[in-house]
Amino acid sequence: MAVTSPPPPDARLRVEPLSIRIVLRVVLTIVLVVLCIYLIWLLRKPLSWIFIAGFLAVALSGPVNLLQRRMRRGFAIALVYLGLILIPVLFAAILIPPIVEQVNNLIDNTPSYVADLQDFVEKNDTLRNLERDYNITAELQKQAATLPARAGSAAGILSDIGLGLVNSVFAGVTIIVLSLFMVGSGRTWLNWLAERQGHERGEWLKRLFDRIANAVGNYVAGALGQALIAGVLSYIVLLILGVPYAGSLAIVIFLLDLVPLVGATLGAVLVGVITVFHDFPTITIIWVIWSIVYQQVENTIIQPRIQARAVQVHPFVVLTSVLFGSTLFGILGALLAIPIAAAIQISIIEYNSFRRPDGIGAVQAPPPDPEPDSGAAPA
């Protein structure tokens, strides 16, 4: 009778000790991730400039390519960026003089406004009792008399504003220079990156870059077209109503209409407040009615038609992206939220298309063996 050896212990019960190499690898990986996150946090400002420059380069690539058909690419880039620099200067030249004039008028006329308020209070019994108890108008007159002197003490605040303006100009120049380099040679870098991924994956990456560039360019063109319509129509209405500085107010509406969701409403409210000081309540009521009607037309007719060929993003994604972008980066985040959401959506769709069995880059199964001819004699 053969003697059987006892079964070996279960291998699953034996626990291999962790090697020092594995522990060191995990620790080094965690340390590198933390260092990368900390480095990104330290460089968040220049990284945000590079991101804005990339978006600007993609948005301006359309006009550059359009002008390139009639001239050399260098001249096309120079003309586009010259226009980009001159447009803010033109807006400032139109907006700043009326603002300075109205501020000076407000300072000069404040005592007369207080006097008018005092006359109105004297004609109303309730307000007259409040005036007798709290002496409101006398205090207002006292403060109005010191307002011109306080205007001179605002030099410190203006110096801080000037320093912030200088920093903003420096950031703007840096972003423009970065985007200029990206427009000039950015596509070459992307093509170089795609060609290093193989033929099939490279073609997929080039198509992805083209679709994202087209979506961003179309969104920018659509937003500018929509804001231009709002500004021109508002200028015509303000001109008919006789509101002063109609051109400056139309530019304000144009700029605010670029902000998704809430920009048009903010512009209408701002202009409505200004009409209160011009001819209340007739002009204000007409402006409010016009603003409500136009925003309904813009939301149902103008915006869908303009953006129909731009970006196909679900309204829920639009609202969520704008909320996230405005919370993280303010107005700039709200402006960039929709094209970023469109780029993410296009990337997901293209990736799913690439990974499908019948998509580009998938491994095709070999064709089946041909069936034997029914008329042939069996082997």
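Computed from the Cα positions only, the extents of the stretch 210-299 along the three principal axes stand at 52, 22, 16 Å, in decreasing order. Highest-first packing order for the peptide set 197-203, 84-90 is 197-203, 84-90, based on the mean count of other beta carbon atoms within 10 Å.
The accessible area of Trp290, taken with all protein chains in place and a 1.4 Å probe, comes to roughly 60 Å². Ranked by the mean number of other Cβ atoms within 10 Å of their residues, highest first, the peptides 64-73, 324-333 fall in the order 324-333, 64-73. In terms of its C-alpha gyration tensor, the stretch 222-273 has an oblate overall shape, because the principal axis ratio a/c (a ≥ b ≥ c, square roots of the eigenvalues) is not below 1.5 and a/b does not outweigh b/c. Backbone geometry of the stretch 59-66 corresponds, through the Karplus equation with coefficients 6.51, -1.76 and 1.60 at θ = phi - 60°, to 3J(HN,Hα) couplings of 5, 8, 5, x, x, 5, 5, 5 Hz, x marking Gly and Pro.
Applying 1/(1 + (r/R0)^6) with r as the Cβ-Cβ distance of Asn299 and Ile331 and R0 = 25 angstrom yields a FRET efficiency of 0.75. With a ≥ b ≥ c the root eigenvalues of the C-alpha gyration tensor of the stretch 184-255, is it rounded (a/c under 1.5), prolate (a/b larger than b/c) or oblate? It comes out prolate by the Cα gyration axes. In the context of the full set of protein chains, the stretch 172-288 has a per residue accessible area of 52 Å² (1.4 Å probe). Phi angles across the stretch 29-41 convert, under the Karplus curve 6.51 cos²θ - 1.76 cosθ + 1.60 with θ = phi - 60°, into 3J(HN,Hα) values of 4, 5, 5, 5, 5, 4, 5, 5, 5, 5, 5, 4, 5 Hz, Gly and Pro given as x.
The values are calculated or read from the model by the stated rules, or taken from the named source; none is laboratory data. Values in this document were obtained by computation on a predicted structure and should not be read as measured data. Counting neighbours? That spans all protein chains shown, and the Cβs are built from the backbone with ideal geometry, glycine included. Accessible surface is based on the protein model in full, side chains and every heavy atom, while ligands, DNA and RNA are left aside. Shrake-Rupley method; radii C 1.70, N 1.55, O 1.52, S 1.80 Å.
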